[in-house]
1. Could you check, for the range 23-35, whether at least one of its residues is within 30 Å of MET143 (Cα to Cα), open to solvent by 50 Å² or more (accessible area, probe 1.4 Å) and among the hydroxyl-bearing types (Ser, Thr, Tyr)?
2. Please work out which one of (1) within 30 Å of TYR167 (Cα to Cα); (2) surrounded by 18 or more Cβ atoms within 10 Å (Cβ to Cβ); (3) aromatic (Phe, Trp, Tyr) is the condition TYR194 fails and give its number.
3. All but one of (1) open to solvent by less than 40 Å² (accessible area, probe 1.4 Å); (2) in a helix (DSSP H, G or I); (3) farther than 23 Å from ILE144 by Cα; (4) modelled with pLDDT of 80 or more hold for LEU47; state the number of the condition that does not hold.
4. From CYS134, CYS140, which residue is in contact with a Ser or Thr (Cβ under 9 Å, 6 or more places away or on another chain) and free of Cβ contacts under 8 Å to residues at least 24 places away in the same chain?
5. I'm told LEU145 meets every condition in (1) touching a Lys or Arg at 6+ places or on another chain (Cβ under 8 Å); (2) of a type in the set (A, V, I, L, M, F, W, C); (3) open to solvent by 10 Å² or more (accessible area, probe 1.4 Å) except one. Can you identify the failing condition by its number?
6. Looking at (1) modelled with pLDDT under 80; (2) in a helix (DSSP H, G or I); (3) open to solvent by less than 60 Å² (accessible area, probe 1.4 Å), find the lone condition where TYR224 falls short.
7. When you go through THR30, THR7 one by one, which is the residue that is at pLDDT below 85, β-branched (Val, Ile, Thr) and outside any strand (DSSP E or B)?
8. I need the full set of residues from the range 176-206 which are part of a helix (DSSP H, G or I), of a type in the set (Gly, Ala, Ser) and within 19 Å of PRO266 (Cβ to Cβ), in order please.
Amino acid sequence: MENYTETSTDFILLGLIPPSSLGLFLFSLTIPIFLMALAGNLCMVLLILLDTQLHTPMYFLLSQLSLTDLIYICTTVPKMASAFLFGNKSISFIGCGVQCYFFWNLAGSEGLILMSMSYDCYMAIFSPLHYPICMNRRVCVLMILGSWAVGAVNSCAHTVYVLHIPYCRSKTINHFFRHLPSMLTLACMDTRVYEHTVFISTTLFLVFPFLGILCFYGQVLDVYHMHSREGRKKAYSTCSAHLTVLTFYYAPFAYTYLHSKSFQFPEEDKVLAAFYIFLTPVLNHAIYSLRNKEVLGALRRVTKRIHSLKVYASFCPSTQVHVDAVICRH
C-alpha cells in the first residue's frame, strides 16, 4: 500500500485504477463510458423537455431517471479521474460528506423511480381506460417528488451518522469514492447497530422496489403471453432488456450493502461498484431511449427544428430576437 501524508480531517481514496500501464489502458476505457453516459443522459433530458410529443407520464419519469443517472455518475467519476491523472487522492471531510449525501440520495431515488416506471407500464396495459386518470400530471409529480424527498431524508440520516463517527485508525479508504462499508472499517467504535440500519435501508430502497418491479413486469409478460407470437416476442425482448439493466444495478448494490463488513473484500467491492457506477447510466440510456421509436422520432424532429432555425438565422441575422422567441414557444 502506498504511503500518503494525511491531515487530521482529510481522507485518502486509493482509487479504482492502479497507476500502471494496465491502469492507463483501463482509464482509457472508463472515460469514453463516462462521456457516453454524460452525453446520452443529458440529451435525453433536453429532448424530453423540448419535444411536446414526449410530454407524457412515461417520458416524464424517464427524464427523471436520466437526470438521476447524470448527477449520479458526476458524483464519483470526476474525483476518480482527477486522482488518477494528477495524483490528488485526498478528499476533505466536508467533501466526503457531500459525496455521501448525493450518493445515497441518488441511489435511493433511482430505485423508487425505476419502480414508478414499471408501475406506469403496468397501468398502461392493465387499465388503459383509467390510465389518464391514474397517471395524470399531478400523480407523476407526486411520485417524483416523493422519490426525491424520501431519498433525501434517508441520505441525510446516513450522512449525519457517518460524519459523527470517530475515525481513529488510518483514513485511507480502499475505494474510488466514499464507500460506506469501507469507511466503517476505519471507525474506532462498534458499528454493528448501524450496520443493521444500513441493512434495513438497503432492503427498503433496493430489495422491495426490485421485487415490486418483478411483479409488475411479470404481470405484463403474462398478458402478452396470451396474444400473438409477435407480441410475445416484442414483450419478452423489451422486458428482458429492462430486467437485465435492473439486475446490473440492483444485484451488485444489494450484495455490497446487505452482507456484514467482516465478509467484505475491497477489490471485489470496487469491481461490483463499477457495474452500478459506470454501466447502469449507459445501459439505462441505451435500453430506454435508443431502442424506442418515439424517442428517435423526437430526436429527428428536434434536430430538424434546430437546423431550420439556424438556416433562418443565417439568412436573417437581424431577426435573432424573433428566432429566440420561436425557440421559447417550442
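The values are calculated or read from the model by the stated rules, or taken from the named source; none is laboratory data. Just so it is clear, the model here is predicted, and its values are computed rather than measured. Reconstructed Cβ throughout: ideal geometry from the backbone, glycine too, with neighbour counts over all protein chains shown. Please note that ligands, DNA and RNA were not included when accessible areas were found on the heavy atoms of the full protein model with its side chains. Shrake-Rupley method; radii C 1.70, N 1.55, O 1.52, S 1.80 Å.
1. no
2. All conditions pass for TYR194, except number (2).
3. If we test LEU47 against (1) open to solvent by less than 40 Å² (accessible area, probe 1.4 Å); (2) in a helix (DSSP H, G or I); (3) farther than 23 Å from ILE144 by Cα; (4) modelled with pLDDT of 80 or more, just (3) comes out false.
4. On the way: CYS140 fails: free of Cβ contacts under 8 Å to residues at least 24 places away in the same chain.
After applying the criteria, what remains is CYS134.
5. Failing condition for LEU145: (1).
6. (3) is the only condition that TYR224 fails.
7. Numbers: THR30 fails: at pLDDT below 85.
Result of the check over THR30, THR7: THR7.
8. Pass one, the range 176-206, residues part of a helix (DSSP H, G or I): 180-184, 192-206.
Those still in the list that are of a type in the set (Gly, Ala, Ser) too: 182, 201.
Selection gives SER182 alone.
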